[in-house]
Amino acid sequence: MANNSDKIKKLQKQNQENQRKYTKKREAEEAKAKEAIHKLVQKVDQDPNNYHHYYDLATFLVEAKDYEQAEELLMKALGLFDKASQDVKNTLQFGLGNVYYAAAEYDKAIKIFQGIKDKKLQAESYIMLAQSYMAKGDNKRAMVFALSAQSSRHDDPDVNQMIGDNLLALGNFAQAGEFYDNVLKTEPENGKANFNRGIVAMVNGEAFDKYFEKAKQDDPVYFKNGQRKLKDIEKVIQINKDKNKDKKQK
């Protein structure tokens, strides 16, 4: 009993030490974030006619998950720059769309991104529209905007992966494989693309082990989380095999 008691005390002491380290680290990160926000606020105060300062501060607030303040800041900026050029207003609107997307208010984000007409932000807006619709589970609409983004970013691995993910969700495995292949040409170490390419290969009857091995190596967290998806795919494949057997026997 004495030995067990000593072990428990030692474990409690270690847990307390770990908690102290975690608290200290979190406090240091919070202090650093507050300092960065303070500096960005100073920039806004010192040069209130520079729209970049509002955008930068809002971006930092989004990273800090302070969506309410980020929204208020950009709404204020849009009022201040109401008579500015279209690209200035669109930049601030794009920032506001990002706030809503980060806060999971996808309908609001979609409305904002659809209103952006500035050509320099068009591809980014299409990407964000695609991501917003994907988050809502509307893969058909997401595909439309992902393909629109690809028209000006043909070799962008993020865009190709987004298209592949939508095609995969829609059950269009053959085409999804083509887009994942494009991603892997540019980013052979992309764990998510390798994993999903492996699923495509499995469904299409291709060799798939190499893709899963790469995925496990390059993105072990995604690979682990994808195991359930993998089991579901295996079940579907087995059900289809059984159906084909039954048809042949008949």
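The values are calculated or read from the model by the stated rules, or taken from the named source; none is laboratory data. Note that the structure is predicted; figures quoted are calculated from it, not measured. We place every Cβ from the backbone using ideal geometry, glycine too, and count neighbours over all the protein chains shown.
Scanning the stretch 187-207 for residues that are surrounded by fewer than 19 Cβ atoms within 10 Å (Cβ to Cβ) and either outside any helix (DSSP H, G or I) or under 17 Å from the mean Cα position of the chain (by Cα) (or both) gives E187, P188, E189, G205, E206, A207. No other residue among K229, K210, K243 is assigned to a helix (DSSP H, G or I), closer than 27 Å to Q150 by Cβ, at pLDDT below 90 and not aliphatic (A, V, I, L, M) apart from K229.
Name the single residue that is farthest from I233 (Cα to Cα) among those in the stretch 150-160 being touching a helix residue (DSSP H, G or I) at 6+ places or on another chain (Cβ under 6 Å) and surrounded by fewer than 23 Cβ atoms within 10 Å (Cβ to Cβ).
Filtering the stretch 150-160 down to residues touching a helix residue (DSSP H, G or I) at 6+ places or on another chain (Cβ under 6 Å) leaves 150, 152-153, 157, 159-160.
After this cut, where a residue has to be surrounded by fewer than 23 Cβ atoms within 10 Å (Cβ to Cβ) as well, the list is 150, 152-153, 157.
Working: Q150: 28, S152: 34, R153: 31, P157: 25 Å.
By that ranking, first place goes to S152.
Looking at this structure, is V200 touching a helix residue (DSSP H, G or I) at 6+ places or on another chain (Cβ under 7 Å), in the same structural domain as K214 (by TED's automatic domain parsing), of a type in the set (A, V, I, L, M) and modelled with pLDDT under 95? Yes.
Between A77, A123, A58, the distinction of being in a helix (DSSP H, G or I), in contact (Cβ under 8 Å) with a residue 24 or more places away in the chain, crowded, with 21+ Cβ neighbours inside 10 Å and out of contact with any Phe, Trp or Tyr (no Cβ under 6 Å at 6 or more places or on another chain) belongs to A58 only.
Among the conditions (1) assigned to a helix (DSSP H, G or I); (2) more than 23 Å from E63 (Cβ to Cβ), D155 misses just one, which is (1).
Does at least one position in the stretch 102-117 carry a residue that is part of a helix (DSSP H, G or I) and under 23 Å from A36 (Cα atoms)?
Applying the first criterion (part of a helix (DSSP H, G or I)) to the stretch 102-117 yields 102, 106-114.
Subset that is under 23 Å from A36 (Cα atoms): 102.
Yes, the conditions are met somewhere in the stretch 102-117.
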